[in-house]
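Below is one structure, written out as C-alpha cells; the observations come after it.
The values are calculated or read from the model by the stated rules, or taken from the named source; none is laboratory data. Just so we're clear, the structure is a prediction, and the values are computed from it rather than from any experiment. Counting neighbours? That spans all protein chains shown, and the Cβs are built from the backbone with ideal geometry, glycine included. Protein only, heavy atoms only, side chains kept; ligands, DNA and RNA dropped before computing areas. Shrake-Rupley method; radii C 1.70, N 1.55, O 1.52, S 1.80 Å.
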Amino acid sequence: MASATKKSARPLASKARTAEARERRKNSKRLAALSEKEPAVQQLEELVFGHAHATLEDEDVEAPLPQEEEEEEEQAVLLQSDDEAEARLRPPPTKKAAWVDEDDDLEEDVDMKHPFRSYLTRGEAESSMSKEKLRHRMRDQFQKAMGGAPAWAVSGGRKVTKDDEEEEEEEDDDDDLLRRTGNLVGSSDQLSGGILRMKRCPGTNTARPSADALTSLQFHPSAQVALTAGLDCALTLFQVDGKTNGQIQSVHLDRFPVHKARFTREGDAVVATGLKNKMFYVYDMIEGRVMPVQHVRGLQEARVKEFCVCPEGGALMLTGSRGYLHKLTLKTKEVVSSMKMNGEVVDVALSADGSKVFAHSEDGEVYVWDARSNRCLGKFPDDGCVAGTAIAASPDGRYLACGSRSGVVNLYRQEACLNSANPRPLKAFMNLVTPVTALAFNPSSEILAMASRHEDEAVKLVHLAGASVFSNFPIFKRKVLYRTSCMDFSPHGGFFSLANNKGHAPLFRLLHYKSF
C-alpha cells in the first residue's frame with residue numbers, strides 16, 4: 001500500500017512542478033518584456049540586485065518543460081501578438097457625414113465699401129475681397145499695429161523675425177499687384193485706421209510751463225518751432241525736437257491776457273488778441289519788437305477777439321459782432337472789405353487757396369463767401385445742428401467739418417457744400433458729449449482732431465478715409481490732456497500738440513509721418 005501511494009504521488013508532484021515552472025516562465029517573459037520597454041527599470045534592478053538577480057531569473061527560465069507544451073505556448077503567444085499589432089495598425093473607420101451643405105463650397109466676396117472695412121483696402125479698385133484674403137489683410141494689420149506677431153500666435157512658438165514679415169508683405173503685395181490695375185502708385189503710404197501709431201514726447205512747453213491756462217498753440221509754417229500763449233500774458237517760442245524742446249524766446253505783454261495768437265502767413269510775425277478791448281499786438285520776430293495796434297481804420301467794433309490768418313500774405317479775417325466779417329491788411333492797418341450774415345458768427349474757416357470763406361453761425365447755418373469779390377455763394381443748414389460752435393476746412397480742399405453745441409461733428413465734402421443747398425454729411429461723429437470748441441485737420445487731410453474744453457480728456461482723432469475714430473487715443477493711466485483749448489499739427493504731420501487749462505502742451509510723435 002505504501003509503495004502504491006508513493007507511485008501515485010510522484011505524477012502529481014511532477015505535474016505541480018510543471019505548472020509551477022510554466023507560471024514562472026510566464027512571469028519571466030513578462031519581466032523580460034517590461035525590461036525591454038523600460039531600460040530605466042532594468043538599470044535600476046541591476047544597480048540594486050546586481051547580477052545575482054539576472055542569474056536567478058535565468059535559472060528560473062531554464063526550468064524544464066515538456067517540448068510539446070512549450071511549442072504550443074509559443075505559437076499561441078505569437079498569434080496573439082500578431083493580431084494585436086494588426087489591430088493597432090488598422091486605420092479607424094471613417095464616418096459618413098450626416099448632412100452636407102452645398103453653400104459651404106461657395107466662395108463669397110466681402111463688400112469692402114462698408115466704413116468698418118474700408119480702411120483695409122489699398123485703393124478704390126478693391127471694392128470687394130475674398131474671405132481668405134480679408135483674413136490675411138486683417139492679420140497683417142494687427143501685426144503692424146502690435147509690432148509683429150506675438151509668440152503665442154506662431155506655430156511651434158517660433159518668434160517671427162523681421163525678414164519673415166517683410167517676405168510675407170512682399171508676397172501679399174505681389175498678389176495684390178496681379179489682382180488689380182489701378183491706384184498702384186503711393187498706395188502703401190496711406191494712413192491705416194483702427195490704431196494710430198504714436199509716441200508721447202516731453203511737452204512742447206516743458207522748458208517753460210505757463211503759470212495760467214494756455215489759450216493758443218501753433219507750429220511755425222516752415223521752421224521747427226512752436227508758439228504757445230495764454231492768460232499769463234506771455235508769448236513763448238520753443239525749438240521742437242521731441243526730446244528737450246528748448247525755449248527760444250518769451251515775450252511778456254503787460255496786463256494783456258492773450259485770447260488768441262497766430263503766426264502770419266510768412267511766419268515772420270505773431271499776431272495776438274486779448275479778451276476785453278479792440279487793441280491787439282503784432283510781434284515782429286525779425287526785428288524783435290512788439291507793436292501795439294490801437295486803432296484800425298474802418299473798424300467799428302468794440303473789441304477784437306477772434307480772427308484767422310488769410311492764405312494771402314499780410315491779411316487777417318476778423319470776426320465782428322452782428323454777423324460781420326472784416327478783412328484787414330497788416331501793412332496799412334485798415335479794413336479793406338466786410339461781409340454780413342444773419343446771426344452771430346461763431347467760427348470761420350478759409351479754403352487752402354484763400355478763395356472761399358466758410359462761416360458757421362450761432363443758428364446752425366453755414367455761409368460760403370467768395371473772398372475776392374465778397375459775394376455770398378450760398379448757405380446751407382448744418383445737418384441736425386441747433387447751435388454751431390466750430391468749423392474747419394481740410395488743406396486739400398476735400399472736407400469741411402462742422403461742430404455743434406450738442407457735441408456732434410458733421411463731415412462734409414466741400415464740393416457738395418458749394419453745389420447743394422442741403423448737402424448730406426459723409427459721417428456724423430458723436431464721440432463728444434459736450435460742445436465742440438476746436439477742430440483741426442492734419443496737413444495730409446487724413447486725420448481730423450476734435451475737442452471740447454468743457455470736459456477733461458475730451459479729445460478724439462478721426463481717420464477720414466475709414467470715417468472712424470482711432471481707438472488708442474486718448475488712452476492713459478492718468479489724466480494728461482485735461483481741458484483742451486487749442487490743437488495743431490506740425491507742417492508735415494510728424495507731431496501733434498495740444499494746449500490745456502493747466503498751462504501745459506502735451507506733445508505726441510505720429511510715427512506714420514517721417515518728417516516734422
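Among residues belonging to the stretch 418-441 that are more than 12 Å from Gly407 (Cβ to Cβ) and not in a loop (DSSP other than H, G, I, E, B), point out the one that is farthest from the chain's Cα centre (by Cα).
Step one: of the stretch 418-441, the residues more than 12 Å from Gly407 (Cβ to Cβ) are 418-427, 438-441.
With not in a loop (DSSP other than H, G, I, E, B) added as a condition, the list becomes 418-419, 427, 438-441.
Values: Leu418: 33, Asn419: 35, Lys427: 19, Ala438: 22, Leu439: 20, Ala440: 19, Phe441: 17 Å.
Among them, the one singled out is Asn419.
Given (1) out of contact with any helix residue (DSSP H, G or I) (no Cβ under 9 Å at 6 or more places or on another chain); (2) surrounded by fewer than 19 Cβ atoms within 10 Å (Cβ to Cβ), where does Arg424 come up short, assuming only one miss?
Result: Arg424 passes all but (1).
Among (1) open to solvent by less than 10 Å² (accessible area, probe 1.4 Å); (2) in contact with a His (Cβ under 7 Å, 6 or more places away or on another chain), which single condition is Pro435 missing?
Single failed check for Pro435: (1).
State whether one or more residues within the stretch 407-415 are closer than 22 Å to Val462 by Cα and in a helix (DSSP H, G or I). Spell out the reasoning first.
Filtering the stretch 407-415 for residues closer than 22 Å to Val462 by Cα gives 407-415.
Filter again for in a helix (DSSP H, G or I), leaving 414-415.
Scanning the stretch 407-415, I find at least one residue that is closer than 22 Å to Val462 by Cα and in a helix (DSSP H, G or I), so the answer is yes.
Collect the residues in the stretch 328-340 that are basic (Lys, Arg), surrounded by 13 or more Cβ atoms within 10 Å (Cβ to Cβ) and either touching a residue at least 60 places away in the same chain (Cβ under 8 Å) or assigned to a loop (DSSP other than H, G, I, E, B) (or both), keeping them in residue-number order. Don't jump to the end; show me each part of the working.
Let us first name the residues in the stretch 328-340 that are basic (Lys, Arg), namely 331, 333, 340.
This time we only want the ones that are surrounded by 13 or more Cβ atoms within 10 Å (Cβ to Cβ), so: 333, 340.
Hit for the stretch 328-340 is Lys333, nothing else.
Give the residue that is farthest from the chain's Cα centre (by Cα), with candidates limited to residues of the stretch 473-516 that are farther than 18 Å from Asp456 by Cβ and free of Cβ contacts under 8 Å to residues at least 40 places away in the same chain.
The selected residue is Ser515.
Starting from the stretch 308-327, take each residue that is at positive phi and part of a strand (DSSP E or B) and list its partners that are of a type in the set (A, V, I, L, M, F, W, C) and open to solvent by 10 Å² or more (accessible area, probe 1.4 Å), counting only C-beta distances under 8 angstrom and pairs at least six apart or across chains.
none
Yes or no: Gly493 touching a His at 6+ places or on another chain (Cβ under 9 Å), open to solvent by less than 40 Å² (accessible area, probe 1.4 Å) and either over 20 Å from Ile195 (Cβ atoms) or assigned to a loop (DSSP other than H, G, I, E, B) (or both)?
Details: touching a His at 6+ places or on another chain (Cβ under 9 Å): yes; open to solvent by less than 40 Å² (accessible area, probe 1.4 Å): yes; either over 20 Å from Ile195 (Cβ atoms) or assigned to a loop (DSSP other than H, G, I, E, B) (or both): yes.
For Gly493, the condition - touching a His at 6+ places or on another chain (Cβ under 9 Å), open to solvent by less than 40 Å² (accessible area, probe 1.4 Å) and either over 20 Å from Ile195 (Cβ atoms) or assigned to a loop (DSSP other than H, G, I, E, B) (or both) - is met.
In the stretch 368-387, which residue that is part of a strand (DSSP E or B) and open to solvent by 70 Å² or more (accessible area, probe 1.4 Å) is nearest to Ser404 (Cα to Cα)?
Pass one, the stretch 368-387, residues part of a strand (DSSP E or B): 368-370, 375-381.
With open to solvent by 70 Å² or more (accessible area, probe 1.4 Å) added as a condition, the list becomes 375, 379.
Numbers: Arg375: 26, Lys379: 17 Å.
Checked the stretch 368-387; the qualifying residue nearest to Ser404 (Cα to Cα) is Lys379.
Among the residues of the stretch 294-307, is there at least one that is touching a residue at least 24 places away in the same chain (Cβ under 8 Å), in contact with an Asp or Glu (Cβ under 9 Å, 6 or more places away or on another chain), part of a loop (DSSP other than H, G, I, E, B) and among the aliphatic types (A, V, I, L, M)?
yes
So, restricting to strands (runs of 3 or more DSSP E) that lie completely within the stretch 186-280, which ones have at least 1 residues that are without any contact (Cβ under 8 Å) to a residue 24 or more places away in the chain?
The qualifying strands (runs of 3 or more DSSP E) are 225-230, 234-239, 247-252.
Looking at the stretch 463-505 only, could you name the residues that are farther than 20 Å from Ala207 by Cβ and of a type in the set (D, E, K, R)?
Within the stretch 463-505, Lys477, Arg478, Lys479, Arg483 meet the criteria.
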